Each structure stands twice: as C-alpha cells, then as structure tokens.
Protein chains: 2
Amino acid sequence: MLKGKMLIGQSGGPTAVINASLVGAILEARRHGSITAVLGARHGIAGIMKEDFVDLTTPSVEFLENVAATPAAALGSVRLKPGREECQKVFEVFQKHDVRFFFYIGGNDSAETAYIISEMAKEAAYDFCTVHIPKTIDNDLRVTDHCPGFASAAKFVALAFMGDDRDNRALSGVKINVVMGRHAGFLTAASALARQSEGDGPHLIYLPERVFDTEKFKQDVRAVMDRLGRCVVAVSEGVADANGQPIASSGERDSHGNVQLSGTGALGDYLSALVKEAFAGDSVRVRADTFGYLQRSFPTIVSSVDAKEAREVGAFGVQHAVHMGESGSVAIKRESSQPYASRYFMTPLASVAREATEMRAEFIAESSNDVTQAWIEYVAPLVGDLPTMAGFDGL
Amino acid sequence: MLKGKMLIGQSGGPTAVINASLVGAILEARRHGSITAVLGARHGIAGIMKEDFVDLTTPSVEFLENVAATPAAALGSVRLKPGREECQKVFEVFQKHDVRFFFYIGGNDSAETAYIISEMAKEAAYDFCTVHIPKTIDNDLRVTDHCPGFASAAKFVALAFMGDDRDNRALSGVKINVVMGRHAGFLTAASALARQSEGDGPHLIYLPERVFDTEKFKQDVRAVMDRLGRCVVAVSEGVADANGQPIASSGERDSHGNVQLSGTGALGDYLSALVKEAFAGDSVRVRADTFGYLQRSFPTIVSSVDAKEAREVGAFGVQHAVHMGESGSVAIKRESSQPYASRYFMTPLASVAREATEMRAEFIAESSNDVTQAWIEYVAPLVGDLPTMAGFDGL
C-alpha cells in the first residue's frame with residue numbers, strides 16, 4: 001500500500017469553490033494513516049519547483065471552513081503550462097520530499113501536467129499516484145458531466161442578467177453584457193436562466209461555438225428593438241468571425257499564448273459602437289458591461305450543488321488515491337436531473353488532459369443567437385433556486 | 001384634511017431597494033382613508049405627461065413583497081429633468097385626475113421636479129402635497145445622513161473587492177476596478193470595507209473629490225508593487241484632472257448633459273495602459289474591470305439596514321403627507337453608529353433639490369489615494385456584516 005506525503009496545489013483561474021475542493025481533500029487526507037503529512041504548494045507548479053510549501057496537517061477545522069467558503073485559490077494559483085524540463089524538476093522535488101500523493105486542482109492544462117508527471121514516475125518506477133481534481137468556470141473539461149466552479153459562476157451570471165434585465169426595463173435601450181468563456185459558451189449560455197416570464201432578457205445570446213457575424217448581430221438587435229423597444233444581449237468574450245479572428249481583443253497574450261480577452265472593455269465598446277451605428281439618428285441608449293473577474297470570485301454567490309460537489313470531488317480523489325494507489329482525474333456522472341443526483345468516478349488523466357470541450361450542438365438554437373430547452377434542463381439543476389423578479393410591466 | 005388620489009413614480013438610476021421604498025409607500029397609503037386611490041406612474045414624469053398609470057390599490061401583498069425584493073424600478077424610470085413647461089403639463093394632469101398626493105422616489109433632480117410642481121400648486125392654490133423619497137447609490141443628497149440604495153451598492157462593491165483581492169493574491173499583478181460615482185466617491189470609498197487583514201486590498205482608492213494625477217498614480221502603483229508584489233486599485237469612474245476634465249470618457253452625453261462614464265471600459269483600459277507603460281519590460285500582469293450596472297441592480301446583495309430604511313422612508317413620507325399635508329423630502333438622521341440606530345425627518349424640498357453633495361474632507365486621506373478611519377466608522381454599520389475571507393498567505 002502506497003504510503004508517504006501528500007502534496008496539493010491549485011492552478012489556473014480562480015473559482016468560487018476551488019477552495020472547497022482543497023478543504024475536502026485536506027480533511028479526507030487527514031483521516032488516512034498512509035498519508036504521513038499534508039503539504040500545500042504555493043502557486044501550484046511554480047511553488048513546487050521552489051519548494052514553497054505550506055503545512056496543511058495542522059490548521060484547525062474552523063479555519064479550513066473559512067477557507068472553503070472563500071473564493072479564489074487559497075494556496076495561490078499559477079498560469080504555467082510546464083514543459084518536460086519543468087515537469088522533471090517537479091518530479092525531482094517529489095522524490096526529494098517523499099511525496100507519494102499529488103493532487104492538482106485545475107483545468108485541462110493541470111490534468112496534462114499531472115499526466116506528464118505520472119508518466120515520469122512510471123518510467124522511474126517511483127511508487128506514486130497523482131490525481132487531477134476538476135475545476136473551471138468554463139465547464140469545458142471532457143468526460144465529466146460538468147465542472148466544479150461552473151455552477152457558481154453560472155449563478156452569478158444568471159443573477160446579474162436578472163437584475164440587469166430589470167434595469168433595462170426601467171430605463172430602456174440596448175444593453176450588451178460580455179461574459180467570460182474563451183472557447184466554450186457554457187457561462188454565457190447560463191444567462192438564459194434569468195428568463196422567468198415572456199419578454200425577459202437576455203433576448204440574444206451569442207456563443208463562441210458559432211461564427212459571430214456583425215451584420216447579423218445588428219439585424220438581430222434591430223428585430224428585438226422593433227418587437228420590445230429594448231434589448232439585452234449576452235455575448236461571450238470569445239466570439240470570433242468566420243476566420244476564427246476574435247471580434248475584439250487587446251492583443252495581449254498570456255503565458256499560455258492565449259489572447260487576453262478579459263479585463264478589457266474592448267469587445268463591449270466595439271459592439272456598442274456597432275449598435276449605435278445601426279440606429280444612427282434614432283438616439284437609442286446603448287451600454288455595455290464586461291462582467292470580468294466578478295464572475296469567478298464574487299463571495300457569497302455560490303450554488304449549493306456546486307459547493308457540495310466541489311468538496312466531494314476533493315475527498316473522492318483522496319479516497320481513490322489511498323485505496324487504489326492509481327492516478328486519474330475525478331469526474332462527475334449525473335444520475336438524474338429531476339430531482340438532481342450525481343456520483344463521482346475516476347477517468348484516465350489522458351482522457352481529460354490537453355484538449356478541452358465545448359457546448360454540444362443540441363444546446364444551441366439553430367438561429368445561433370439563443371440556447372435550447374435541452375440546455376435549460378441541463379444547467380438549471382446545477383445553479384439551483386433563483387429569486388422571483390416582479391414588476392408592473394405586465395399589469 | 002387633504003383627501004384625494006395618490007400618485008407615485010420612480011426616477012433616475014435603479015437601485016437594489018428603490019422598490020422597497022415604493023412598496024413601503026403603497027402599503028402605508030392603503031391604510032389611510034384620505035387616500036382614495038393609489039396610482040403608479042410608468043417611467044416617472046414621462047408617464048405622467050402621457051397619463052400612463054398603473055393601479056396600485058389592488059395588487060396583492062404577496063406580489064408587492066416580490067416587487068420589494070426586486071432590484072431596479074418596478075414602475076419604470078426616466079432620466080428627464082423637466083423644464084417649466086413640462087412641469088406645468090404634469091400639474092395639469094394632477095388637477096385632471098384629482099391627484100392630491102404626489103410621491104417621487106429619486107435623487108436631487110427628482111427633488112427639484114417635486115419642488116417646482118409644489119410651487120405651482122401653491123400659486124394655483126391647489127390643495128396638494130408632494131413628497132420626495134430619497135434614492136441614489138451615489139449617496140450624494142444633501143441633509144440626509146445617507147441615501148437609501150447606497151448601502152446595498154456599497155455592499156456589492158465591498159464583496160466584489162473582497163473576492164477580487166483574493167483573486168489578485170492567487171494570480172498576482174495589478175488589478176484596477178472602476179466603480180460608479182460621477183462626482184461623489186462614496187461608492188468607490190466603500191471598497192475599503194473589503195480590508196480585513198494587513199495587506200488586504202484595495203491598496204489604492206481614487207475618489208472624484210480629489211484631482212487625479214496620472215504620474216502620481218503610476219508612482220503609487222509602483223510603490224505598492226514594490227511592497228507587496230501585487231496591487232488592487234479602486235477608482236471612481238468620475239476621476240478628473242486638475243482642469244476638471246474626466247480622465248477617460250466615451251464622449252457621449254445623456255439627456256442631463258452629463259458625459260457617459262458607465263457602460264464603457266474606456267477608463268479601465270486607459271489606466272491599464274498607463275500601468276503597463278510604467279512597468280514596461282517587467283511583464284507585470286495588468287487587468288481592469290468596470291463594475292458597471294451590476295453595482296446598482298444585482299439581486300440578493302442587499303444591506304439589511306438599507307432594505308429596512310428604504311421601506312420605512314416610503315412609509316414615513318406617506319404618513320407625513322397624510323397627517324401634515326405638507327410637502328418635503330424624507331431624510332435620515334443617524335442616532336448612533338454602535339449599535340446602529342436612525343430616525344426619519346422631513347426637510348424642505350429646496351434643501352435637497354438641485355445641488356448634490358460629495359464626500360466630506362474628514363473621510364479622505366491626506367495622501368488623496370485612500371480613505372480614513374472616520375469613513376469606515378460611517379459606512380460599516382450601513383453595509384452590515386461581511387463574510388470572513390481566509391487563505392494560506394499569512395501562515
């Protein structure tokens with residue numbers, strides 16, 4: 001039976017519940033004698049290479065419960081997709097410190113890192129297992145039904161659109177909201193949960209899975225304005241033209257080589273200008289907001305399903321590692337949507353690593369500017385109850 | 001004793017609790033026999049001129065409670081500062097419909113509208129009273145200790161910074177958040193409530209009450225980065241240079257002649273570019289978010305003091321009108337901060353109308369890039385309890 005130290009780290013963009021996974025794993029690990037110490041890596045792989053560790057064996061349960069309810073990554077995160085040389089360095093640190101269990105909470109890049117290191121350990125016949133614990137607001141990991149972190153961000157987006165639609169009813173015009181999601185439209189699509197009654201926004205939803213045509217966009221907005229006298233638009237930050245060129249971006253690239261799309265108002269301002277152009281002379285009020293980092297780190301807006309599952313995937317990963325001594329990635333299987341029920345299972349690291357996924361065609365309306373009922377049935381149980389909005393429009 | 005119909009309307013930018021004031025007034029009005037009917041004006045003054053009314057005598061209490069908890073303006077709002085001619089038209093509609101009680105929920109422009117109409121009624125010896133019910137997330141009304149709507153927006157801003165500061169700890173760099181508030185920095189200053197421990201952001205707070213110097217800004221950010229290796233900045237959308245020119249704006253003006261500052265990422269993008277310039281070659285990660293309309297209309301993020309007071313100022317205004325038959329504006333007097341206690345009183349419409357106020361000097365640090373302890377003591381009881389953030393930075 002595998003015995004030794006456990007090391008856990010967090011990677012990639014923060015979520016509202018990534019710390020729930022961390023705490024779920026820590027508390028489970030402390031129950032097993034084969035785990036001789038629980039260490040945390042500051043800033044993921046970057047901290048491992050510097051041997052920058054935090055002792056997680058001693059912090060009180062009370063303190064850990066506060067951590068679990070705190071958004072972002074309590075150990076610090078990193079946006080580093082390590083090459084072979086860096087993985088080798090990490091593996092050497094593991095050997096030096098007798099780390100036999102490695103848990104990496106992150107997205108597909110983190111699964112890839114875990115995979116490379118697990119292969120190195122196999123080659124070196126180092127008795128070791130590494131478990132990837134899924135996390136991403138983008139919901140774009142393969143195999144799993146959905147990703148911890150997504151539902152809480154989706155709840156934020158749904159609530160934001162519920163309030164903003166009321167704002168738009170009060171002072172009408174065109175309102176464009178830019179939602180996170182570079183390649184996958186899940187989070188943008190969650191805006192549809194804001195609709196409770198006929199006429200509720202968002203009235204148009206643009207996902208990165210479909211080509212964004214600026215002329216079609218102007219026509220779509222015009223049609224909604226003609227019908228309702230107001231228009232609320234949800235658009236993914238990642239929408240691109242027929243050539244795959246992002247509609248608007250700051251041009252900056254992060255260390256993964258990805259163009260920076262968040263943390264800039266460029267797309268919203270550009271789409272506003274398009275709409276103003278389309279309505280030239282009609283003095284239509286046009287505004288755009290880019291939801292930005294609030295979507296992934298706003299405290300207190302947490303889906304209860306998400307918080308529960310995030311914690312349980314952490315604990316499940318540890319149980320699997322301790323009992324089976326096998327590497328893998330934790331995934332979620334949905335057993336039922338009504339009432340909602342799920343269970344956890346392990347999938348090979350390679351099945352999650354590297355490539356991400358995107359929204360299935362059945363979730364996207366043929367018009368390319370909306371979602372389907374199948375999407376609502378998929379996402380609503382994850383997000384959970386939302387408040388009832390009421391006003392005097394319909395009276 | 002004054003007897004007749006009551007008309008109520010909402011004006012200006014939405015808040016999370018303006019409907020609580022509306023419902024407080026409606027339910028109180030229904031208790032008084034001297035109010036023969038309760039009517040709502042769709043989109044404030046604009047609806048009155050078109051005689052676009054909603055019957056508020058009949059909706060159920062259950063429905064009204066849903067309205068009270070819904071953000072934005074349930075009757076619709078308007079951004080119209082009516083001239084003398086328009087006020088005359090409004091007054092004629094009042095006479096035609098035997099409206100004897102007029103309640104206008106809004107900011108200083110709405111108080112001014114109420115004042116002009118009350119003067120017209122006086123001249124015409126029309127037995128009538130009009131009450132202004134204060135509302136603004138900007139907290140910039142004179143006389144009152146604070147404005148309903150502010151504390152809930154302040155809570156949103158404080159929570160947003162709490163989460164974003166955690167995000168910035170996880171993936172360090174410079175993060176700039178642009179907060180609403182054209183001339184008054186109250187909402188931007190509320191970001192300081194996000195600080196719970198040494199080193200917590202926001203590390204720099206820029207208010208429109210002080211000149212914004214771009215060179216000083218770059219030095220300030222550099223100093224925080226040198227000290228902490230990260231920097232979270234709160235900046236008001238309204239910051240301006242020594243000549244009073246907004247640092248960045250889209251150039252568009254609304255119907256009040258105000259330059260459009262919200263609903264554009266221009267200021268955030270400009271300040272990001274300044275910081276990148278200052279750190280050229282050091283590859284510092286710089287991001288900006290503009291919180292936008294979420295600050296004023298996000299459902300569920302409501303200060304309990306704010307929700308209670310918003311409802312009570314509505315009810316108090318009706319009681320005063322019914323019992324005294326006098327026009328005026330409802331104001332809040334703070335009786336105590338620890339424990340928090342307040343009471344309501346009436347102030348002449350002219351004392352609130354037209355001119356707004358801004359943050360007192362005692363609330364702003366001498367450095368011009370922070371707030372004082374006096375500010376925290378003022379704002380903390382209004383916003384109420386905030387969650388405890390926890391991480392492994394300090395261990």
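The values are calculated or read from the model by the stated rules, or taken from the named source; none is laboratory data. Just so it is clear, the model here is predicted, and its values are computed rather than measured. Methodologically, a virtual Cβ is constructed for each residue, glycine included, from the backbone with ideal geometry; neighbour enumeration extends over all protein chains shown.
Worth a mention:
- Unique residue being surrounded by fewer than 21 Cβ atoms within 10 Å (Cβ to Cβ) and among the β-branched types (V, I, T) when the list is B:V93, B:V99: B:V93
- Some residue of segment A:270-291 being among the hydroxyl-bearing types (S, T, Y), without any contact (Cβ under 8 Å) to a residue 24 or more places away in the chain and within 30 Å of A:I8 (Cα to Cα): no
- Qualifying residue in segment A:106-114 (condition: outside the structural domain of A:E366 (by TED's automatic domain parsing), aliphatic (A, V, I, L, M) and assigned to a loop (DSSP other than H, G, I, E, B)): no
- Condition check for A:V383: over 20 Å from A:G106 (Cα atoms), more than 14 Å from chain B (Cβ to nearest Cβ) and in contact (Cβ under 8 Å) with a residue 12 or more places away in the chain: no
- Failed criterion for A:A234 (all others in (1) small (G, A, S); (2) at pLDDT 95 or above; (3) part of a helix (DSSP H, G or I) hold): (3)
- B:A374 falls short on exactly one of the conditions (1) assigned to a helix (DSSP H, G or I); (2) within 20 Å of the chain's Cα centre (by Cα), and that condition is (2).
- Among the residues of segment A:129-143, the ones that are of a type outside the set (A, V, I, L, M), touching a residue at least 60 places away in the same chain (Cβ under 8 Å) and surrounded by 24 or more Cβ atoms within 10 Å (Cβ to Cβ) come to 6 in all.
- Test: residue in segment B:276-295 that is at positive phi, in the same structural domain as B:L187 (by TED's automatic domain parsing) and surrounded by fewer than 19 Cβ atoms within 10 Å (Cβ to Cβ): yes
- For segment B:140-166, the set of residues classified as over 14 Å from B:I18 (Cβ atoms) and assigned to a loop (DSSP other than H, G, I, E, B) consists of B:D140, B:R142, B:V143, B:T144, B:D145, B:H146, listed by residue number.
- With respect to the stated conditions, B:V61 is surrounded by fewer than 24 Cβ atoms within 10 Å (Cβ to Cβ), in the same structural domain as B:H132 (by TED's automatic domain parsing) and within 23 Å of B:P148 (Cα to Cα).
- Search result, residues across segment A:31-43 that are closer than 23 Å to A:L2 by Cα and of a type outside the set (V, I, T): A:R31, A:H32, A:G33, A:S34, A:A37, A:L39, A:G40, A:A41
- Tally of residues being touching a residue at least 24 places away in the same chain (Cβ under 8 Å), over 29 Å from B:V211 (Cβ atoms) and within 7 Å of chain A (Cβ to nearest Cβ) across segment B:164-185: 3
- Considered as a group, the residues in segment B:57-77 that are over 22 Å from the mean Cα position of the chain (by Cα) and among the aliphatic types (A, V, I, L, M) include one that is farthest from the other protein chains (Cβ to nearest Cβ), and that residue is B:V61.
- The sole residue among B:R166, B:R210 that is at pLDDT 95 or above and in contact with a helix residue (DSSP H, G or I) (Cβ under 7 Å, 6 or more places away or on another chain) is B:R166.
- Residue check, A:A160 within 14 Å of chain B (Cβ to nearest Cβ), under 23 Å from B:G292 (Cβ atoms), free of Cβ contacts under 8 Å to residues at least 40 places away in the same chain and crowded, with 24+ Cβ neighbours inside 10 Å: no
- Segments classed as helices (runs of 4 or more DSSP H), wholly inside segment A:265-367, with at least 3 members that are more than 15 Å from A:I105 (Cα to Cα), at pLDDT 95 or above and within 14 Å of chain B (Cβ to nearest Cβ): A:294-297
- Flag for B:S152 being within 12 Å of chain A (Cβ to nearest Cβ), closer than 30 Å to B:Q219 by Cα and small (G, A, S): no
- The lone criterion from (1) at pLDDT below 95; (2) acidic (D, E); (3) closer than 13 Å to A:L271 by Cβ left unmet by A:D220 is number (1).
- Looking across segment A:39-56, the residues that are touching a residue at least 24 places away in the same chain (Cβ under 8 Å) and more than 12 Å from chain B (Cβ to nearest Cβ) come down to A:I45, A:I48, A:M49, A:E51.
- With respect to the stated conditions, B:L80 is modelled with pLDDT under 95 and within 14 Å of chain A (Cβ to nearest Cβ).
- Restricted to segment A:352-367, and to residues there that are crowded, with 17+ Cβ neighbours inside 10 Å and of a type in the set (G, A, S), the residue that is farthest from the chain's Cα centre (by Cα) is A:A353.
- Some residue of segment A:84-104 being within 14 Å of chain B (Cβ to nearest Cβ) and not polar (S, T, N, Q): no
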